[in-house]
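The values are calculated or read from the model by the stated rules, or taken from the named source; none is laboratory data. Since we're looking at a predicted model, the values are computed, not measured. Here the Cβ positions follow ideal geometry from the backbone for every residue, glycine too, while neighbour counts run over all protein chains shown.
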Amino acid sequence: MKLVQATKTGIVFRLGQREKHSLVQILKLYPCMPPAHHRLSKSGRLPDAEENQQLLNEALAEQRADNKKQVQTLLADSRRFAITETGTRLSLTRADAEWLLQVLNDIRVGSWVNLGSPEDKPAELTPANARHFLAMEMAGYFQTQLLESLEGGT
Amino acid sequence: MAATATPQIEPGIVQTTEDKPESGLEPGYLVICWNDPVNFMDYVTHVFQAVFRWPRKKAEFHMLQVHEQGRSVLTRESMEKAEHYVHQLQKYTLHATMERDA
């Protein structure tokens, strides 16, 4: 995934065929975070704590549903995901890129949670944990490229 | 992971030892970001800049506080605003909560 152009309004990447395939497969995993994972408070000492927690869960669930639709729209959008002779040209607005960063981090952190929230990388890859580890690493790769382009192009 | 430490005074947050009024004013709520071993440091800095519109230096200060001390108090707000910020930070999958200011 190589940065072709970063302006104040948009970012363009070039992806090889394998990279594009990997990105599509990774994005199809969204959402990875378990529902109701986030807590509004650690102490729970908030007024109407249960009600507010419920509202937060609903807001995040709605957000995830919207994001999932948006992922499907992105993958089907031939203007933003344009096939060229050398691969794929991914064109994003800055708002798109910021949103994609959130989506990729959900996949990354969600995969980590599904791995059992380890402090370090798994000592051994098994059929059970390999897919989560791979998703975490791949999402991290695309996330880093995106972050560098957002930081560098301002 | 770094251990949780006593919160320190950060730039941009005014701390006071004055007694709070018994009524009339809404109590303050602290928006706290907690350390985890998964989020990239650059990503956390970026999120703080995006959510709070902070300059990079201030965002890095708080990111490092999270990384080294286990948590950082990001801001003190009304309940409604604190909820808004926690929601924004959680949309980015950061480990953020709000706690009533003692």
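Evaluated against (1) closer than 15 Å to B:Thr93 by Cα; (2) within 18 Å of the chain's Cα centre (by Cα); (3) assigned to a helix (DSSP H, G or I); (4) not polar (S, T, N, Q), A:His38 falls short on exactly one condition, (3). Of all residues in segment B:37-65, those satisfying the criterion of being more than 17 Å from A:Leu147 (Cβ to Cβ) and either modelled with pLDDT under 95 or among the aliphatic types (A, V, I, L, M) (or both) are B:Pro37, B:Leu64. In this structure, does A:Leu104 turn out to be outside any loop (DSSP other than H, G, I, E, B), within 30 Å of B:Pro55 (Cα to Cα) and within 13 Å of another protein chain (Cβ to nearest Cβ)? In short, yes. Of the residues examined, A:Asn57 is one that is within 12 Å of chain B (Cβ to nearest Cβ) and surrounded by fewer than 18 Cβ atoms within 10 Å (Cβ to Cβ). Residues that are in contact with a Cys (Cβ under 9 Å, 6 or more places away or on another chain) and either of a type outside the set (D, E, K, R) or without any contact (Cβ under 8 Å) to a residue 24 or more places away in the chain (or both) within segment A:89-111 comprise A:Ile107, A:Val109, A:Gly110, A:Ser111, listed in sequence order.
Scanning segment A:128-154 for residues that are without any contact (Cβ under 8 Å) to a residue 24 or more places away in the chain and farther than 20 Å from A:Lys28 by Cα gives a single hit, A:Glu151. Hey, can you tell me all the residues within segment B:52-74 that are surrounded by fewer than 21 Cβ atoms within 10 Å (Cβ to Cβ) and closer than 25 Å to A:Trp99 by Cβ? Scanning segment B:52-74 gives B:Phe52, B:Arg53, B:Trp54, B:Pro55, B:Arg56, B:Lys58, B:Glu60.
Quick one: would you say B:Glu80 is of a type in the set (Asp, Glu), part of a helix (DSSP H, G or I) and modelled with pLDDT of 95 or more? Judged against the criteria, B:Glu80 is not a match.
A:Leu23 meets the conditions (1) modelled with pLDDT of 95 or more; (2) surrounded by 17 or more Cβ atoms within 10 Å (Cβ to Cβ); (3) within 13 Å of another protein chain (Cβ to nearest Cβ) in every case but one. The failed one is (3).
So, in segment A:116-147, of the ones that are among the aliphatic types (A, V, I, L, M) and under 17 Å from the mean Cα position of the chain (by Cα), which residue ends up nearest to the other protein chains (Cβ to nearest Cβ)?
Result: A:Leu147.
Any residue in segment A:32-40 that is at pLDDT 90 or above, surrounded by 13 or more Cβ atoms within 10 Å (Cβ to Cβ) and more than 7 Å from chain B (Cβ to nearest Cβ)? The answer is yes; a qualifying residue exists. Evaluating A:Thr84 against the criteria (1) surrounded by fewer than 16 Cβ atoms within 10 Å (Cβ to Cβ); (2) under 24 Å from A:Pro34 (Cβ atoms) leaves one unmet condition, (2).
Tell me yes or no: at least one residue of segment B:11-24 is in a loop (DSSP other than H, G, I, E, B) and at pLDDT 95 or above.
Checked against the condition, which is being in a loop (DSSP other than H, G, I, E, B) and at pLDDT 95 or above, segment B:11-24 yields no hits at all.
Here segment A:99-112 is the region considered, the condition is being of a type in the set (Val, Ile, Thr) and under 10 Å from A:Met136 (Cβ atoms), and the residue that is farthest from the chain's Cα centre (by Cα) is A:Val109. Within segment A:84-101, the set of residues being β-branched (Val, Ile, Thr) and either at the interface with another protein chain (Cβ under 9 Å from one of its Cβ atoms) or part of a strand (DSSP E or B) (or both) comprises A:Thr88, A:Thr93.
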